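*Asks:* What follows is a single structure, and I will ask about it in a moment.
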Amino acid sequence: MQNWLLPEYIQDMLPDEAWRVEKMRAQVLDLLRKSGYQLVAPPMLEYAESLLIAGSDDMDLRTFKLVDQLSGRTLALRADITPQVARIDAHLLNRQGVARLCYAGSVLHTQPAGLNRTRELLQIGAELYGHAGIESDLEIQQLMLQALSLLGVRDVHFDLGHVGVFRALVKYARIDGNLESELFSALQNKDSTALQALVAGLDEVSRRAMLVLPTLYGASEDVLLRARKLLPELPEVSAALADLAVVAARLPLSVSSSGIDLADLRGYHYHSGMVFAAYHSGSHDAIALGGRYDDLGKSFGRARAATGFSMDLRQLYRLLTPLAGQPGIRAPYSDDVTLSALVEKLRAQGEMVVVNLPGSVDFPVELQCDRSLVLREGVWQIEAIDNY
C-alpha cells in the first residue's frame with residue numbers, strides 16, 4: 001500500500017490555500033471580536049453524549065466514534081462545534097446576561113457534507129445566548145453576511161425559513177413522533193406523493209396546510225402573502241411569519257437575491273425557530289447557514305435562548321479568485337550585522353525575506369523571491385532577479 005495516500009475526501013492544504021484560509025480566519029475572527037464576540041476553543045474530542053445532544057440521526061451518522069482507553073466510555077470527534085459552545089455557555093461561563101461567543105476549528109464528518117466537499121471542514125462561526133428577540137437573529141444574520149462580504153464572496157442568495165411553522169402544524173394536528181418524522185422526511189425530499197399519503201388521516205385544515213407547505217417558497221413578499229392566506233391562523237404561525245417579514249425587509253445590499261422556503265426544515269431536530277442559509281452559484285451546497293436553537297443547552301442543565309451561524313472556510317476558499325502572492329526578497333547567508341539589521345527592518349515593514357542557506361541550490365521561484373539583497377560598494381541594495 002502507498003503510505004502517502006490519504007483517506008477519501010480528506011485533503012492536505014498546500015501553501016497557497018493554507019495561507020489564504022489562515023488569513024480568512026483572522027479576518028472573520030477580527031470582525032467578530034470588534035462586534036463583541038469572545039473566542040472559545042473547545043477540544044476536538046469529547047464524550048459522545050455531549051456531542052450528540054440534538055437527538056438527530058443525521059448528526060449521529062456523521063460523527064466518528066471510538067472507545068476511550070482510560071475510561072472505557074465512547075468518545076466522539078466533533079462533527080459540529082455549536083453543541084460544544086452551548087455546553088460552555090450553559091456549564092462553564094454560566095452568565096446571567098447576553099453572551100456572545102465565537103470559534104474556529106476543524107470538524108470531521110464520516111461522510112462528505114456535499115458534492116466535492118472534504119470530510120474535514122474548517123468551521124468558523126458565532127453564537128449569541130440569552131436573547132430571544134428578533135434583534136439577535138438580525139445581528140447574527142447580518143454578521144454572517146458581513147463576513148462573506150469581507151472575504152470577497154459576491155452575488156450571495158439568502159434563504160429564510162422557520163421551523164416554528166411546521167412545529168405549530170404538528171402541534172395543532174396532534175401528530176405523534178413517528179408520523180412527524182415521516183412528514184419531515186417527505187417535506188425535505190419534496191416528495192408530494194408520500195406527503196399526500198401521510199396526511200390522509202388528518203383533519204381537513206391540517207391536511208390542507210401540510211400539502212400547501214412545499215409550495216410556499218420563492219420571493220419573500222409573495223410567500224408571506226400566500227402563507228397568510230393558506231395557513232391556519234395559529235399564534236405560532238403568525239409570529240413566525242411576522243419575524244420573517246422583519247428580516248426580509250432588512251437584508252443588506254450585499255445580498256443579491258433572497259427568498260423564503262417554509263418547507264425547508266434543515267436542522268429541524270436542532271433548531272427551534274428561524275433558520276437561514278447563504279448560497280452561491282459556485283457551490284452546490286449552502287456556503288453559510290444558521291438559525292435559532294433555544295433548547296440546545298437543556299442537555300447541559302440550562303436552556304437559554306440562542307442563535308448562531310457557521311461556515312466552512314475551506315469551502316469558501318474555492319469560491320474566491322486566487323490571489324497573486326507578493327514575492328519576497330532573497331538574502332545571502334552572512335554574519336554581516338548590517339545585513340542582519342536590514343533583514344529585520346524589511347521584515348518589520350511586512351516584506352518576506354528568505355535567507356539562502358549555504359550549499360543549497362538556488363531556485364528563486366521555489367523561494368518565491370523576485371528580488372535579492374546584493375552588496376554593492378559596501379552597501380546592501382535590493383535588486384530584481386533576472387528571469388524570475
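Nothing in this text is a laboratory measurement; each read-out follows from the coordinates by a stated rule. Everything numeric in this text was worked out from a predicted model, so none of it was measured. Positions of Cβ are backbone-derived with ideal geometry, glycine not excepted, and every protein chain shown enters the neighbour counts.
*Asks:* What is the fewest-to-most order of VAL365, VAL275, VAL199 by other Cβ atoms lying within 10 Å of their Cβ? The partial results should precede the final answer.
*Replies:* Numbers: VAL365 11, VAL275 26, VAL199 21.
Lowest to highest Cβ neighbour count: VAL365, VAL199, VAL275.
*Asks:* Can you list residues from other chains, or at least 5 along the same chain, whose modelled amide H is less than 5 Å from the amide H of VAL355?
*Replies:* HN-HN under 5 Å from VAL355: ALA331.
*Asks:* What is the packing order of peptides 371-380, 121-130, taking the mean over residues of other C-beta atoms within 10 Å and listing the highest first? List each step's numbers first, then the result.
*Replies:* Values: 371-380: 13.3, 121-130: 23.5.
For the peptides 371-380, 121-130, the packing ranking is 121-130, 371-380.
*Asks:* Here is a further query. Per-residue HN-Hα couplings for segment 260-267, Karplus 6.51 cos²θ - 1.76 cosθ + 1.60 at θ = phi - 60°, whole Hz, x for Gly and Pro?
*Replies:* So the Karplus estimates, Gly and Pro as x, are 10, 9, 7, 9, 7, 10, 3, x Hz.
*Asks:* Any aspartates and glutamates with Cα under 16 Å of the LYS34 Cα? List them, leaving off those in the same chain fewer than 8 positions away.
*Replies:* GLU127, GLU139
*Asks:* Another one. Can you tell me the orientation of helix 177-188 relative to the chain, as the angle in degrees between its alpha-carbon axis and the longest Cα principal axis, to the nearest 10?
*Replies:* Around 60 degrees separate the two axes.
*Asks:* A further question on this structure: Can you give me the Cα centroid spacing of segment 13-75 and segment 131-198 in angstrom?
*Replies:* So the separation of the two Cα centres works out to 23 Å.
*Asks:* Turning to a different aspect of this structure: Straight-line reach from LYS171: which lysines have a Cα under 30 Å away, not including same-chain ones fewer than 8 places off?
*Replies:* Correct list for LYS171: LYS190, LYS229, LYS298.
*Asks:* So what's the back-of-envelope 222 nm ellipticity for the chain, counting only DSSP H runs of four-plus at -39500 (n - 2.57) apiece and dividing by all residues, rounded to 500?
*Replies:* Working: 14 runs with 139 residues, N = 388.
Counting only the DSSP helices, I get -10500 deg cm²/dmol.
*Asks:* Have a look at LEU160, GLY125, GLY114 and report the one farthest towards the positive end of the charge dipole of segment 15-317, computed about the Cα centre with Cβ charges (Lys/Arg +1, Asp/Glu -1).
*Replies:* About the Cα centre, the residue reaching furthest to the positive side is GLY125.
*Asks:* Follow-up. Looking at the chain, send over the antiparallel percent of its DSSP beta bridges, to the nearest 5. Could the numbers behind the result be given before it?
*Replies:* Details: 47 of 61 bridges.
Restricted to the chain, the bridges split so that about 75 percent are antiparallel.
*Asks:* Okay, next question. How long is the gain from VAL246 to GLU8 if the chain were fully straight, where each residue apart is worth 0.36 nm and the alpha carbon distance is subtracted? Present the calculation step by step, with values, prior to reporting the outcome.
*Replies:* Working: separation 238, 0.36 × 238 = 85.68 nm, distance 4.36 nm.
81.3 nm is the gain from fully extending VAL246 to GLU8.
*Asks:* Here's another thing I want to ask about it. For the chain, what is the charge dipole size about the Cα centre, in debye to the nearest 20, if Lys and Arg each add +1 at the Cβ and Asp and Glu each add -1 at the Cβ? Spell out each step's value before the answer.
*Replies:* Details: 37 positive and 48 negative charges, 171 e Å.
Magnitude of the dipole: close to 820 debye.
*Asks:* Shape of segment 1-113 from its Cα gyration tensor (a ≥ b ≥ c, root eigenvalues): rounded if a/c is under 1.5, otherwise prolate when a/b > b/c, or oblate? All intermediate terms of the calculation are to be shown ahead of the outcome.
*Replies:* Values: a/c = 2.29, a/b = 1.12, b/c = 2.05.
Here segment 1-113 falls in the oblate category.
*Asks:* Set Lys and Arg Cβ to +1 and Asp and Glu Cβ to -1, take the dipole of the chain about its Cα centre, and tell me which of SER372, PRO15, SER258 lies farthest positive.
*Replies:* So the residue furthest toward the plus end is SER258.
*Asks:* THR110's amide H: which non-local residues (gap 5+, or another chain) put their own amide H closer than 5 Å, with H modeled 1.01 Å from N in plane and none for Pro or chain starts?
*Replies:* Those lying under 5 Å, H to H, from THR110 are THR63, PHE64.
*Asks:* Can you tell which of PHE300, ALA104, TYR172 lies farthest toward the positive end of the dipole of the chain, using +1 and -1 charges on the Cβ of basic and acidic side chains (Lys, Arg; Asp, Glu)?
*Replies:* TYR172
*Asks:* Can you work out ³J(HN,Hα) from phi for every residue in segment 207-217, in order, using Karplus 6.51 cos²θ - 1.76 cosθ + 1.60 and θ = phi - 60°, giving whole Hz and x for Gly and Pro?
*Replies:* Rounded to whole hertz, the list is 4, 5, 5, 5, 6, 7, 4, x, 8, 8, 9.
*Asks:* Going by average Cβ density within 10 Å per residue, which order do the peptides 297-305, 155-163 take, highest to lowest? Please list the in-between numbers first.
*Replies:* Working: 297-305: 17.0, 155-163: 22.6.
Those peptides, ordered most packed to least, come out 155-163, 297-305.
*Asks:* So, one more: Here are some values of semi-axes √(5λ) of the Cα gyration tensor in Å: [x] 32, 26, 23; [y] 49, 23, 20; [z] 50, 35, 20. Which one was computed from this structure?
*Replies:* [y]
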